[in-house]
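Taken together, the values in this text are just the output of simple stated rules run on the coordinates, not laboratory data. In this text, all values refer to a predicted model and were calculated from it rather than measured experimentally. Glycine also receives a Cβ, built like all others from the backbone with ideal geometry; neighbour counts cover every protein chain displayed.
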Amino acid sequence: MKKLLFCLCLFGLLNCSGYEPIFATKNLTFGIEEIININNDDITKKISKNLRKNISSKNNKKNYTLEISANKKNEITSKDTNGNALTFEMSVNAEVKIYYNNDDNPIETLKVNNNFSYNNQESKFDLSEYKKTIEENIIKKISQNIIVKLQLL
């Protein structure tokens with residue numbers, strides 16, 4: 001009986017915590033009217049898709065147009081004595097030009113860089129899956145940085 005009462009109280013406290021995601025779309029004061037991909041590569045498309053998913057332009061006072069260009073680099077940062085790669089570094093650099101109400105001149109140019117170092121793995125399949133996960137996480141961080149910057153404008 002005490003365990004049941006304890007579980008009910010714990011469940012009630014956890015549900016009443018008032019948790020909301022940081023980037024809840026209902027609290028945003030802006031919208032994205034259009035996203036223009038300068039580089040027509042996968043990284044830029046994924047950043048654009050992530051932003052479109054999070055932000056709509058319905059009934060917002062401020063609507064922005066974004067020009068996004070991004071690139072990704074994978075580099076070997078260390079090797080063993082035989083010349084085999086031990087560690088890698090993935091870096092994604094994005095440049096976002098922010099336009100307000102379709103002006104010709106951007107109101108701000110935002111440069112976002114994100115790096116991640118990781119170790120080599122025995123299985124090449126596991127390594128490629130790990131690279132995909134790292135890339136997705138970096139793209140999410142870059143998208144969040146862009147959203148925060150737009151919220152502050």
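Tabulated results
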item: Estimated Rh, segment 26-153: Kirkwood, alpha-carbon pairs, angstrom; result: 16.0 Å
item: Nitroxide proxy distance, nm - points 7 Å out along Cα→Cβ at Lys49 and Lys131; result: 1.8 nm
item: Where chymotrypsin sites (Phe, Trp or Tyr not before Pro) fall in DSSP loop in segment 49-153, at most 14 other Cβ within 10 Å; result: none
item: Zone of Asn102's modelled label, taken as backbone nitrogen in segment 63-85 under 14 Å from a point 7 Å along Cα→Cβ; result: 63-66
item: Fraction of the pair-distance distribution of segment 106-153 above 12 Å, Cα-Cα pairs, percent; result: 69 percent
